[in-house]
Structures are given as C-alpha cells and as structure tokens.
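The values are calculated or read from the model by the stated rules, or taken from the named source; none is laboratory data. Here the structure is a predicted model, which is why all the values come from computation and not from measurement. Don't worry about glycine lacking a Cβ; one is built from the backbone with ideal geometry, like all the others, and counts go over all protein chains shown.
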Amino acid sequence: MPPTVTLSPRGEQRLRGGHPWIYRSDVTEASATAGDVVLVRNGRGRTLGSALYSDRSQIAVRMLTYGDRVADDALVTARVDAAIAFRESLGIDATAYRLVHGEADLLPSLVVDRYGDYLVVQALSQGMDRLTPTVVRALKDRLHPRGILARNDPKTRGLEGLPMQVEVLDGEVPESVTVHECGLEYDVDLRHGQKTGLFLDQRENREAAARYARGRVLDCFSYNGGFAMKLAGAAQETIAFDISEEAVARVRANALRNGLTVDARAGNVFDELRGLDRLKERFDTIVLDPPAFAKSKSAIDKAVTGYKEINLRALKLLNPGGFLVTCSCSYNVSEGMFAQIIYEAALDAEAQVTVVEKRMQGRDHPVLLGVPETYYLKCFILRKVG
Ligand code: SAH
C-alpha cells in the first residue's frame, strides 16, 4: 500500500475550497514518513488526490494533484517546464526573475529564481526537499545553467525539521553575479543576499514608480538601491536609507556602476523620517518598502502601528503634488487593511491623498486564487493633492 493520509471532513472541505494546505489537526490518520508523496483520502476511503507529506510542520499535507492523477517525477518536470515557459512568455526586461513561485505554479513550497546563467532553488518542505534532485534535473534539461545554488536557509525549513544550508547543487556558482534589470546593472551575492539575492518581486513596481519620479526623491528601506537607482534618473536629488551598512555599501557600488548619483545613508527609517521633518526637509517622491512587519498573525497589531507611523511621517514630508510609493509585503496585512492604514495615516497627516495605482508583486510571482498566502505584496502609488 502506498503512503496514505486520511482527512477529517473539515480537511476535505478545505481541500474542496481550493487551498492546497491541510493542517495536522485535519489529518485523522497517516501511514507515511517524512517527505513522502502520499495518497490523500477521506474517511470513506475515497481518493482525493496526491500530496507532499510533512511529519513535522503544522502544514501536514500540501496537495500536488486532485482526483486520481498520479504525482510522479514526470508531473514535477512538466510543472517546472510550464513555469519556465510562462516566465519566458512575459517579455521580462531583466536577466533576473522568478521561475517557480511555489503554490502558484502547482509546486508547493518550491522557489526557483534565475540570475542570468545561474539558478537559486529553495525547497521549503520535507516533500519538496526530497524532490529537489528531480527539480534540478528538470532545470538543467530545460535551461542548461552554469550553476545551481540551494539557498535553503529560510527559517521555515526549521519548522520542517530540515537543515538550513546553502550549497551548490550543480556546476559552479561565483561569489558575485552580474544581472540586468530594466536598464540597470546589479552585482548580486546569491549566497548571502536577502531572499535569493534581489527583491525580484518589486521589479515592476520599481518601473512603475519611475514614471512618477521627480524633484527630491527619498527611498526608505532601500536594500541595494533598486528603487533609488530607478528613480534617480528623473530626480534632482536622491537619498536612500537602509539600516544595514552592507546594504548601503551595495547602493553606493551599484549607483557608481550605473553612473547614477544616490546619497546612500545608514539609518533607522523610523528615526530618520522624524529627523528629516524636524529639519523641515521636504520631498517630491518617497518610497516606503519596509520588510514584512507582520510575519505572523500575532504580530498584526504592532505591524499596523509601524505601517501607519511610516506612512504618516512620509505624507508629512511630501510636498503637495508629490507621490508616495508605499508597500507592504506582509500577507497577514490584507490589501483592505493596508488601504485603511494609509487612509488613517493621511487623516493624521492632514493630507488629502488620491490612489493613482494599486499594484502587487510582479507577474513572475502570480497569485493563486483561494490561497491568500500567495498575495503578499501590496504597492499603492499615492499622490498628495492637498
Ligand atoms: N526596496 C528594496 C527592498 C527592501 S527590503 C528593493 O527594491 O530591493 C527591506 C530593507 O529594509 C532591508 O534591506 C533591511 O535591511 C531594511 N530595514 C529593515 N528595518 C529597517 C529600519 N528600521 N530602517 C531602515 N531600514 C530597515
């Protein structure tokens, strides 16, 4: 008998709602070991599909197929191929972009990012960890990369009882890789950079923001300067803040190699925004792209306070007619909640604000309907009208 798990009626209901994750509390029986591809059944013995099984995570089951469709290596390979073909059809103006976005590519807990001739893979569940050799084979057959790196160091691996490690899975991966994105060149450290090296999900928002850039530009939470550089071309002056000295050094190096002038400073944005206001500094374009303030449901209240604070401060610093590009990458803060926070910030800042664009993560990071976790990045472009 193949490895099998049985779901409670509530688990079955959830599965029919289209969400691929089943929690441990909705599994009544499991005869499977860590990382198995399992048959999923209901209490009456009916096969509901195939899934990845985890014996550690609260997410015990991640659906791969529904009904009798077999989940084998051929299925995984076909899905990797389809994910790549979709990205190739998008006409992305960059050599770095996401190739596989987990659940949205029907490959739960798998991330694959492309950085030119190199690929970075993250396997974030026991099942996907076991399928990594199949994924690597598929990527090699399709793309012939010079190297494939596993960036298996996100904390979520710990919840699966998996080791955190960064290792070359195939070929060679240099210390630093040069990529292009919408007319800019970046030097990326795939082993140590945040996420898999770059915030690829903001590419289209950086481009969109550039269409409004003018006057004095302030890029808050700049990381390696993606927004700052994209906006600097149209700006009189560009200031970028990040708390990490390393990130600031990267902004400087990236600006230099692209022939742009960015005043990159190390600082805590919460303090710096207050300081700029005290000095009566004003700006025409401001970007707020903080890290996820609400990494869990319990952190929502504090996150709301944080988002409100920076949006309020930024709106105060903005000249009338100026633009605020404001982002949240916390999936625990919904679009509706984020809109409400911005509205309250505007009220407190005594600013009248219009929404010019409502955006999300780039098209290479699509959202799977019914799976709110895949809609994490919200980006509003606002104009202070009065
Ligand atoms: N805008 C970037 C991505 C930003 S990621 C891009 O487009 O690529 C968030 C950044 O915020 C990280 O680089 C982190 O170092 C920085 N950060 C976190 N807390 C901060 C704080 N309180 N003040 C300033 N920077 C902070």
> Among all residue pairs at least 6 apart or on different chains, which show Cβ distances below 7 Å where the first residue, located in segment 311-338, is farther than 17 Å from LEU231 by Cα and in contact (Cβ under 8 Å) with a residue 24 or more places away in the chain and the second is part of a helix (DSSP H, G or I) and among the acidic types (Asp, Glu)?
Replying inline: LEU312/ASP348; ARG313/ASP277; LYS316/ASP277; LEU317/ASP277; TYR331/GLU373
> Say we look at segment 277-292 and pick out the residues that are assigned to a loop (DSSP other than H, G, I, E, B) and within 10 Å of the ligand (Cβ to nearest atom); which of these is nearest to TYR331 (Cα to Cα)?
Replying inline: ALA292
> Of PRO163, PRO145, which residue is surrounded by fewer than 21 Cβ atoms within 10 Å (Cβ to Cβ) and either free of Cβ contacts under 8 Å to residues at least 12 places away in the same chain or among the polar types (S, T, N, Q) (or both)?
Replying inline: PRO163
>> I need a count of the residues in segment 323-340 that are crowded, with 23+ Cβ neighbours inside 10 Å and either more than 16 Å from the ligand (Cβ to nearest atom) or assigned to a strand (DSSP E or B) (or both).
In response: 6
>> If I ask for residues that are part of a strand (DSSP E or B), more than 29 Å from the chain's Cα centre (by Cα) and closer than 18 Å to ALA123 by Cα, which ones from segment 25-56 would you list?
In response: none
> What number of residues within segment 177-202 satisfy the criterion of being part of a loop (DSSP other than H, G, I, E, B), within 11 Å of the ligand (Cβ to nearest atom) and under 30 Å from GLY321 (Cα atoms)?
Replying inline: 1
>> With the structure loaded, tell me whether ASN258 is touching a helix residue (DSSP H, G or I) at 6+ places or on another chain (Cβ under 8 Å), polar (S, T, N, Q) and surrounded by fewer than 24 Cβ atoms within 10 Å (Cβ to Cβ) or whether it fails that test.
In response: yes
>> Go through (1) of a type outside the set (S, T, N, Q); (2) touching a Pro at 6+ places or on another chain (Cβ under 8 Å); (3) touching a residue at least 60 places away in the same chain (Cβ under 8 Å) for LEU198 and report which single condition fails.
In response: (2)
>> Take ASN205 and tell me if it is part of a loop (DSSP other than H, G, I, E, B), within 24 Å of GLU237 (Cα to Cα) and within 13 Å of the ligand (Cβ to nearest atom).
In response: no
> Quick check: anything in segment 317-325 out of contact with any strand residue (DSSP E or B) (no Cβ under 8 Å at 6 or more places or on another chain) and at pLDDT 95 or above?
Replying inline: no
>> Show the residue pairs meeting these rules: Cβ distance below 9 Å; 6+ apart or different chains; first residue within segment 284-307 and surrounded by fewer than 17 Cβ atoms within 10 Å (Cβ to Cβ); second residue part of a strand (DSSP E or B).
In response: ALA292/SER328
> Do the conditions hold for ARG214, that is, is it at pLDDT 95 or above, away from the ligand (no atom under 13 Å from the Cβ) and in contact with an Asp or Glu (Cβ under 7 Å, 6 or more places away or on another chain)?
Replying inline: yes
>> Looking only at segment 241-255, filter to residues that are within 13 Å of the ligand (Cβ to nearest atom) and within 11 Å of ALA228 (Cα to Cα); which one of those is surrounded by the fewest Cβ atoms within 10 Å (Cβ to Cβ)?
In response: ASN254
